[in-house]
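K.L.:
The following block contains the structure, expressed as structure tokens.
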Ligand SMILES: Cc1cc2nc3c(=O)[nH]c(=O)nc-3n(C[C@H](O)[C@H](O)[C@H](O)COP(=O)(O)O)c2cc1C
């Protein structure tokens, strides 16, 4: 079992103000992240991960006001420089960064991630996302979000370009002979001459090959098209799943897609997105969970859900079936998986809900309290071990904390991860030199 921390929202949704947050050193002060990195590395956590999105959530009521007022998934920075600062105070732990194949250009991303793989000494992962969100699209000149499947076609081409660029300057090409001054073997450095539907890139990459050659490739989409696209290149999946049955479906779909692409499913793990609160006693954990529940204003829930699904939930009719809701979400090119996908998995597409019932589910989803593991380290570790066995025993967990940073992640590092290690449930602590080696041990 491998462990990762999802630090995408370590400050939003009220975490910045909860007990245990840094007073006087607010987000994005790098000292907060450096402390998390040091503590997590002591515990042997494999990866610190950042998702990304550039738009202020504005799907709910067609306005960003609720998101700004309550700090919902906003503000967000480019965390690349923060990763560099965390790498400087650690030696082994890996870092995952997210860039969008829908908005970014592959040359920029391939070059940036090569540099960060150098800066981290081969500890970098790249999570490529297709980006379902209208607020992000508007920052890159798209009036409408691109069609769902077209975004994945673009991802496929985007990744083919990145991979060709990373291969365009192979490690063997660097001669670096100090006595002659000869730097590289020109015969091994080659243009890629890519001409495709979305990109024209001559290459080669204007960089020296990085320690890993390319970052560990991660993908997070969970629709059939998303999974099929990821099977072309993915080394590690960030999965949501929602329920054990949902996770098993995702695992089976990924395995089938990998086999279809001629790849070995046993080599690709899924890190399941898992929100966890651990306390020194069950009572302490429950008190912390109550702190989370107290924060959420109904407008904050609406802003959170609408942004994540890419659908304005304020427009819901009084009563509807989940199939009707999915059809509406599909019509506006929103995310078919995630919250709504999990609800369909749980209740079935023909289930009929009122608006209030949907928002009740939505509140539980937004707070994370419908899927938060909460208890002592021993109780949470029991649940994780059971779930790991039920979902294919490949990969592990991407933990998020709804508590303040750094203290919520400190508890996971100091209580939960050591408990898993004591049980022999974890992969060896940093067995390799690079993140890729550590993840494959
Ligand atoms: C676990 C998980 C994490 C994700 N993280 C991000 C992210 O950080 N940024 C982003 O723009 N999209 C993110 N997404 C959205 C996906 O990239 C994708 O756009 C969305 O899930 C819709 O695609 P799908 O229909 O294939 O699921 C994430 C999705 C999942 C399931």
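The values are calculated or read from the model by the stated rules, or taken from the named source; none is laboratory data. Being a predicted model, the structure only gives us computed values, none of them experimental. Cβ atoms come from the backbone with ideal geometry, glycine included; neighbour counts cover every protein chain shown.
K.L.:
Name the single residue that is nearest to residue 5 (Cα to Cα) among those in region 385-400 being touching a helix residue (DSSP H, G or I) at 6+ places or on another chain (Cβ under 7 Å) and part of a helix (DSSP H, G or I).
P.N.:
Step by step, filter region 385-400, then rank; the result is 387.
K.L.:
Select from region 39-54 the residues that are within 16 Å of the ligand (Cβ to nearest atom) and surrounded by fewer than 22 Cβ atoms within 10 Å (Cβ to Cβ) and write down the one among them that is nearest to the chain's Cα centre (by Cα).
P.N.:
The qualifying residue nearest to the chain's Cα centre (by Cα) is 51.
K.L.:
Continuing with this model, one more query. Please determine whether any residue of region 21-42 is in contact with a strand residue (DSSP E or B) (Cβ under 9 Å, 6 or more places away or on another chain), under 15 Å from residue 398 (Cβ atoms), modelled with pLDDT of 95 or more and part of a loop (DSSP other than H, G, I, E, B).
P.N.:
No: region 21-42 contains no residue that is in contact with a strand residue (DSSP E or B) (Cβ under 9 Å, 6 or more places away or on another chain), under 15 Å from residue 398 (Cβ atoms), modelled with pLDDT of 95 or more and part of a loop (DSSP other than H, G, I, E, B).
K.L.:
If I filter region 228-246 down to residues being surrounded by 23 or more Cβ atoms within 10 Å (Cβ to Cβ) and in a helix (DSSP H, G or I), which single residue comes out as nearest to the chain's Cα centre (by Cα)?
P.N.:
Restricting to residues being surrounded by 23 or more Cβ atoms within 10 Å (Cβ to Cβ) and in a helix (DSSP H, G or I), the top hit is 230.
K.L.:
Considering every residue within region 367-380, establish whether at least one is part of a loop (DSSP other than H, G, I, E, B), in contact with a strand residue (DSSP E or B) (Cβ under 9 Å, 6 or more places away or on another chain), on the phi > 0 side of the Ramachandran plot and in contact (Cβ under 8 Å) with a residue 60 or more places away in the chain.
P.N.:
Yes, there is a match, as at least one residue in region 367-380 is part of a loop (DSSP other than H, G, I, E, B), in contact with a strand residue (DSSP E or B) (Cβ under 9 Å, 6 or more places away or on another chain), on the phi > 0 side of the Ramachandran plot and in contact (Cβ under 8 Å) with a residue 60 or more places away in the chain.
K.L.:
Out of 125, 173, 135, 164, I need the residue that is within 18 Å of residue 52 (Cα to Cα), more than 18 Å from the chain's Cα centre (by Cα) and crowded, with 18+ Cβ neighbours inside 10 Å. Which one?
P.N.:
None of the others qualify; the one that does is 135.
K.L.:
When you scan region 63-147 for helices (runs of 4 or more DSSP H) that lie fully inside it, which ones turn up with 1 or more residues that are away from the ligand (no atom under 16 Å from the Cβ), out of contact with any strand residue (DSSP E or B) (no Cβ under 8 Å at 6 or more places or on another chain) and more than 29 Å from residue 231 (Cβ to Cβ)?
P.N.:
Filter on region 63-147 gives 65-70, 80-87, 106-119.
K.L.:
Name, by its number, the condition in (1) modelled with pLDDT of 95 or more; (2) surrounded by 18 or more Cβ atoms within 10 Å (Cβ to Cβ) that does not hold for residue 108.
P.N.:
(2)
K.L.:
So which of 427, 327 is outside any helix (DSSP H, G or I) and either over 25 Å from the mean Cα position of the chain (by Cα) or under 22 Å from residue 236 (Cβ atoms) (or both)?
P.N.:
Residue meeting the stated conditions: 427.
K.L.:
For residues that are buried (at least 24 other Cβ atoms within 10 Å of the Cβ) and touching a helix residue (DSSP H, G or I) at 6+ places or on another chain (Cβ under 7 Å), tally how many sit in region 86-96.
P.N.:
Residues that pass the stated criteria total 4.
K.L.:
Follow-up question, since we're still on this one. Given 345, 334, which one is in a loop (DSSP other than H, G, I, E, B) and either more than 16 Å from the ligand (Cβ to nearest atom) or touching a residue at least 40 places away in the same chain (Cβ under 8 Å) (or both)?
P.N.:
Answer to the selection: 334.
K.L.:
Scan region 259-284 residue by residue and report those that are within 16 Å of the ligand (Cβ to nearest atom) and within 23 Å of residue 437 (Cα to Cα).
P.N.:
Passing the criteria: 268, 269, 270, 271, 272, 273.
K.L.:
If only one of 58, 65 is farther than 19 Å from residue 403 by Cβ, crowded, with 21+ Cβ neighbours inside 10 Å and either in contact with a helix residue (DSSP H, G or I) (Cβ under 7 Å, 6 or more places away or on another chain) or without any contact (Cβ under 8 Å) to a residue 12 or more places away in the chain (or both), which one is it?
P.N.:
Only one candidate qualifies: 58.
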